[in-house]
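Have a look at the structure below before the remarks.
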Amino acid sequence: TSGTTSISSNYKPTSGILTTNNNLTLLSASGSTATIGQGSSSGGYVSGNVTVQQYIPAGRRAMRFFAHPFSSAISLDQLEDNIDITGTGGASNGFSTTLKNNPSAFWYDQSIGDGATATTDIGWTAFTNTNGAGSNAWNVDEGIRVLVRGSKGQTGSLTGGTYTPNAVTIDMSGQVNQGNHTVSMTKGSNTPFVFIGNPYPCQIDLNLAALGSGVNGSFYVWNPSTGTYGAYETNPWSSSYILPANAGFFVSLSSNTSITFHESDKSTASASSSLFKTTGGLLQNRVLLRVLSNNDSLQWDRLLFYFDTKGKADSDWYDGIKMFNPDMSFYSFSADNKRMALDVRPMEDGKVIPLGIKYAPLKNYVIKTEELNLPPGATLKLHDKYTGSVQTLTKGAEYAFSITSDTNTQGDNRFELNMIQLPANVATESSLLHLSISPNPANDVAMLSFSATKAGVTTLQLINMTGNEVLKMNLGNMQKGNIAIPMQSMAPGMYIVKFSCGNTVESKQLIKK
């Protein structure tokens with residue numbers, strides 16, 4: 001009845017009622033966040049307010065998606081005592097004051113949203129006061145977007161100076177949701193998206209939630225470590241995904257509907273925005289392509305495919321349409337010309353999947369084949385239409401490219417995937433030609449070694465990152481050999497070696513010191 005009780009790991013209700021007298025705190029630190037585990041499906045196992053903490057690591061000034069686990073609306077000032085939140089009117093409306101008082105906290109109004117098909121969705125609505133009154137309430141089941149600058153009052157965080165954001169722990173209090181919990185959702189007239197949150201002070205497996213008939217096949221989380229400001233990651237409901245406590249996420253709807261979360265959905269697994277495991281018997285043959293900076297491996301966006309006969313080339317329930325990021329967006333096109341972040345379709349021999357990339361900062365990147373699980377006899381080839389390079393996708397392989405001031409280096413027509421589906425007992429094209437280059441990086445000469453299953457007319461092209469051919473070698477009819485690539489006169493930088501033997505073409509990157 002006096003003082004406080006803090007829990008650092010997990011409280012699991014078994015019987016009776018825990019009366020908190022408003023003095024219970026669930027702690028959060030770099031290693032873990034305390035939770036209230038699975039209790040009765042009818043609730044009623046905690047009486048009184050609970051304070052929940054959320055640790056946010058240092059080093060990243062970025063937007064974050066939050067939700068609260070309480071049964072009543074709360075006010076934004078529950079966060080403002082831990083972090084600086086800015087908005088119209090500055091201190092007069094409860095915000096931290098800056099020169100311009102630009103807003104840094106938003107809720108999503110699906111009644112005016114336009115589908116997030118560009119960098120700015122008009123559905124994002126700024127909080128105009130931290131007091132929680134009227135439209136400024138942080139409602140039950142509502143996700144919000146907040147810029148986390150570091151610790152409150154940190155030098156440089158409000159003035160635009162160069163600084164490294166400190167780690168910070170936010171906290172908020174209320175009566176926690178208990179028992180099975182249904183979230184009702186209304187679809188906007190111009191957007192399929194609704195922004196909701198984890199209703200419990202515990203990580204949950206979203207795969208276990210009961211979806212209403214109007215819920216589409218994908219949901220969207222926010223990864224604050226991607227790009228300059230963060231980026232959306234699209235995932236299918238059909239696979240296990242552990243959503244952290246206090247996290248918001250987007251749901252895609254075809255009609256007004258609901259989702260029911262259960263006490264049994266609470267998970268003891270570690271929550272992570274990168275945790276994503278396929279469940280047997282559902283979607284199969286997963287391919288994950290990720291765009292990274294070539295110099296520091298900063299991730300910018302990702303594109304997820306399932307080559308599964310449950311889907312079709314046109315957009316359907318299984319797919320996830322693209323929500324555009326604040327900077328780079330990488331996406332595929334369905335056969336009916338919809339931009340996709342999650343593309344579920346059958347593997348069809350000879351068909352092409354157009355890929356687009358937009359709003360990318362001007363720099364060097366790689367497309368990394370992070371995961372590659374294809375049907376037997378299937379091959380995917382990445383075709384760079386700007387440079388003319390073709391590279392067979394192999395797990396872990398990277399394709400280097402540049403975005404420059406030339407507008408043709410990005411847009412809806414830069415890349416495509418070519419699908420090859422041979423009978424399972426026929427060797428795929430990826431096995432017909434093997435290349436290696438050493439040394440790489442090279443200074444004077446790089447040696448290319450190759451072998452093919454049969455001889456053919458062989459050529460080697462060296463292409464710079466603006467798409468210009470700087471060397472071409474006609475090598476005659478060959479099946480294997482070692483080729484010296486002269487690099488003495490080449491400018492330092494990255495090049496694409498495009499090598500063809502007969503009808504088979506492979507590309508590899510080569511760096512000149």
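The values are calculated or read from the model by the stated rules, or taken from the named source; none is laboratory data. A quick note: this is a predicted structure, and the numbers were derived from the prediction, not measured. We place every Cβ from the backbone using ideal geometry, glycine too, and count neighbours over all the protein chains shown. Only protein heavy atoms, including side chains, enter the accessible area calculation; ligands, DNA and RNA are left aside. Shrake-Rupley method; radii C 1.70, N 1.55, O 1.52, S 1.80 Å.
For this structure, a couple of remarks:
- Calculated FRET efficiency, Asn503 to Asp406, Cβ-Cβ distance, R0 = 30 Å: about 0.50 to the nearest 0.05.
- Rounded, prolate or oblate (a/c below 1.5 giving rounded, otherwise prolate when a/b exceeds b/c) for the stretch 118-274 by Cα gyration tensor: prolate
- The stretch 38-149: relative contact order in percent, alpha carbon pairs under 8 Å with at least 6 residues between: 35
- Carbon + sulfur, % of accessible area of the chain - ligands and nucleic acids excluded, 1.4 Å: 48
- Bridge orientation summary for the chain: considering DSSP beta bridges with both residues in this region, about 90 percent are antiparallel.
- Zone of Thr309's modelled label, taken as backbone nitrogen in the stretch 331-358 under 12 Å from a point 7 Å along Cα→Cβ: 346-347
- In the chain, the DSSP-assigned H stretches of four residues or longer account for a calculated mean residue ellipticity at 222 nm of 0 deg cm²/dmol, using -39500 (n - 2.57) per stretch and the full residue count as denominator.
- Positive-end residue of Thr169, Thr88, Gly123, charge dipole of the stretch 51-182 with Cβ unit charges: Thr169
- Amide proton proximity set for Gln175, modelled H, under 5 Å, gap of 5+: Val50, Ser71, Ser72
- For Lys266, a cut-off of 15 angstrom between C-alpha atoms picks up these aspartates and glutamates, skipping any fewer than 8 places away in its own chain: Asp205.
- In the chain, taking the dipole from charged Cβ atoms about the Cα centre, the farthest positive-side position among Gly467, Ile420, Gly212 is held by Gly467.
- Set against the labelled values (1) 86, 24, 17; (2) 48, 26, 20; (3) 66, 29, 17, semi-axes √(5λ) of the Cα gyration tensor in Å computed from this structure falls on (2).
- Amide hydrogen neighbours beyond the local backbone of Ser267, cut-off 5 Å, H modeled: Gln203, Ile204, Asp205
- Spin-label pair Trp124-Leu471: with each label point 7 Å from Cα along the Cα-Cβ axis, the two points sit 4.6 nm from one another.
- Cα gyration tensor, the stretch 342-447 - rounded (a/c under 1.5), prolate or oblate: oblate
- Computed from point charges on the beta carbon alone (+1 for Lys and Arg, -1 for Asp and Glu), the dipole magnitude for the chain about its Cα centre is near 1060 Debye.
- Think of the chain as a dipole: +1 on every Lys or Arg Cβ, -1 on every Asp or Glu Cβ, centred on the Cα centre; then among Tyr359, Ile17, Asn190, Tyr359 lies furthest on the positive end.
- In the full protein context, the stretch 232-370 carries 34 Å² of accessible surface per residue, based on a 1.4 Å probe and ignoring ligands, DNA and RNA.
- Whole-number accessible area per residue in Å² for the stretch 375-513, which is evaluated in the context of all protein chains at 1.4 Å: 45
- Residues whose placed amide H lies under 5 Å from that of Ser151, excluding near-sequence neighbours: Asn166
- For the pair Ala455 and Ser9, label points projected 7 Å from Cα toward Cβ lie 7.0 nm apart.
- Global geometry of the stretch 219-358, whether rounded, prolate or oblate, following the gyration tensor of its Cα atoms and the 1.5 cut on a/c: oblate
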